[in-house]
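Presented below is the structure to which this report refers.
Every read-out reported here was derived from the displayed coordinates using simple, explicitly stated rules and does not represent laboratory data. Just so you know, these numbers come straight off a predicted model, no measurement behind them.
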Amino acid sequence: MIQYANQQGLQLDFPKSFTSSRISCHISESRVQAPSDPFSKKYRCIEVSAVEQGTVGLISLNRPDVLNALSEDLMHDLIDALQGLDASQEIGAIVLTGKGKAFAAGADIKELKDKDIVSIFMSPFPSKWNDIMKIKKPIIAAVNGYALGGGCEVALMCDIILAGEKAVFGQPELKLGTIPGMGGTQRLIREVGKSRAMEMILTGSYFLDAQEACQRGLASRVVAGSNADLINEAISVAGKIAKQSRPAVIIAKAAVNSAYETSLQEGLKQEKALFGATFALADRKEGMSAFIEKREPQFVHK
């Protein structure tokens with residue numbers, strides 16, 4: 001067990017595994033540099049806006065001329081914006097999509113072509129991009145076209161995937177003489193099963209369309225219509241999440257994600273501890289009171 005003390009001196013005991021990347025407890029907030037405001041910053045490769053009365057952050061990958069290829073600049077922008085939205089008190093959920101015909105058609109091969117083994121291991125690429133997994137607030141990927149290679153891997157790091165009718169998922173890295181490097185070999189198998197993941201990765205040729213992605217559980221569902229319809233639906237889902245108690249949402253996301261990283265028994269222990277933690281929330285008391293009184297809850301996100 002690991003012990004933490006809050007500002008009031010109350011000591012809390014959590015399982016040791018709570019120090020995993022997805023369920024992190026920051027003992028000293030003063031040591032953490034505050035993220036920049038994503039709405040006031042001019043990004044090079046993405047667009048950021050607030051929608052749903054300012055409760056949902058919308059990030060659009062914005063390199064449509066190269067199908068939103070994931071350059072280092074784009075990924076730096078994306079991580080910075082996600083961290084800023086995660087720190088915002090107004091934002092309750094995040095939507096991630098791509099401008100043009102693609103969500104993201106993979107890494108920027110022009111940047112990778114001349115790298116060697118030393119530069120790969122010494123640079124933050126690609127492990128740094130897994131910082132997407134450290135975002136506490138839910139991320140909804142609105143996949144509006146190609147999600148290939150790194151694009152598929154970024155979608156897999158999100159919490160919910162809504163697929164447009166033209167969405168295509170794939171891992172074609174073997175055709176480039178390499179393998180997926182942002183979690184594709186690890187996460188894809190958990191979504192579509194070993195055989196289908198092996199076929200996709202080892203051939204580099206077999207892709208999932210929107211319907212199969214949905215059938216296999218990679219995507220939550222297919223949204224019919226235009227890209228605008230897809231994004232509007234993703235914003236609607238994010239808006240519903242943002243109306244819930246935000247600390248409870250963060251706790252629920254952590255509990256579900258723990259199933260990926262632990263055994264069932266360890267996951268059940270973490271769920272029990274996290275469930276108990278919600279009873280320290282004012283929102284938990286308000287939610288139960290509202291249910292008994294047959295009214296809508298008025299969450300204060302505390």
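List of remarks:
- Taking amide H as placed 1.01 Å from N in the peptide plane, VAL95 has its amide H under 5 Å from the amide H of GLY57, LEU58, ILE59, ILE140, each at least 5 places away in sequence or on another chain.
- Highest-fluctuation residue, PHE275, PHE103, PHE291 considered, GNM on the chain with Cα pairs under 10 Å: PHE291
- Folded to 0 to 90 degrees: helix 246-261 orientation relative to the chain principal axis, Cα: 50 degrees
- Considering all C-alpha pairs of the chain, those separated by over 23 Å amount to 59%.
- Residue among ALA167, ALA234, ALA252 with the largest mean-square fluctuation in a Gaussian network model of the chain, springs linking Cα atoms under 10 Å: ALA252
- Over segment 202-302, Cα pairs under 8 Å with separation of 6+ residues give a relative contact order of 21 percent.
- Helix 282-292 axis, angle to the chain major axis (alpha carbon atoms, nearest 10°): 80 degrees
- Against the chain, whose longest principal axis is taken from its Cα atoms, helix 264-277 shows a tilt of about 50°.
- Value of [θ]222 nm, deg cm²/dmol, for the chain, DSSP H segments ≥ 4, -39500 (n - 2.57) each, nearest 500: -11500 deg cm²/dmol
- Extension reserve of the ARG295-ASP114 stretch, reckoned as 0.36 nm per residue once the Cα distance is removed: 59.0 nm
- Applying the Karplus relation 6.51 cos²θ - 1.76 cosθ + 1.60 with θ = phi - 60° to segment 173-188 yields 3J(HN,Hα) values of 4, 4, 5, 9, x, 9, 10, x, x, 10, x, x, 6, 9, 8, 4 Hz, where x marks Gly and Pro.
- Straightening the chain between LEU202 and ASP131 buys 22.9 nm, computed as 0.36 nm per residue apart minus the Cα-Cα spacing.
- Computed over segment 43-151: relative contact order in percent, which uses C-alpha pairs under 8 Å that are six or more apart: 32 percent
- Karplus (6.51, -1.76, 1.60) ³J(HN,Hα), θ = phi - 60°, over segment 83-90, in Hz, Gly and Pro reported as x: 5, x, 5, 5, 7, 6, 6, 7
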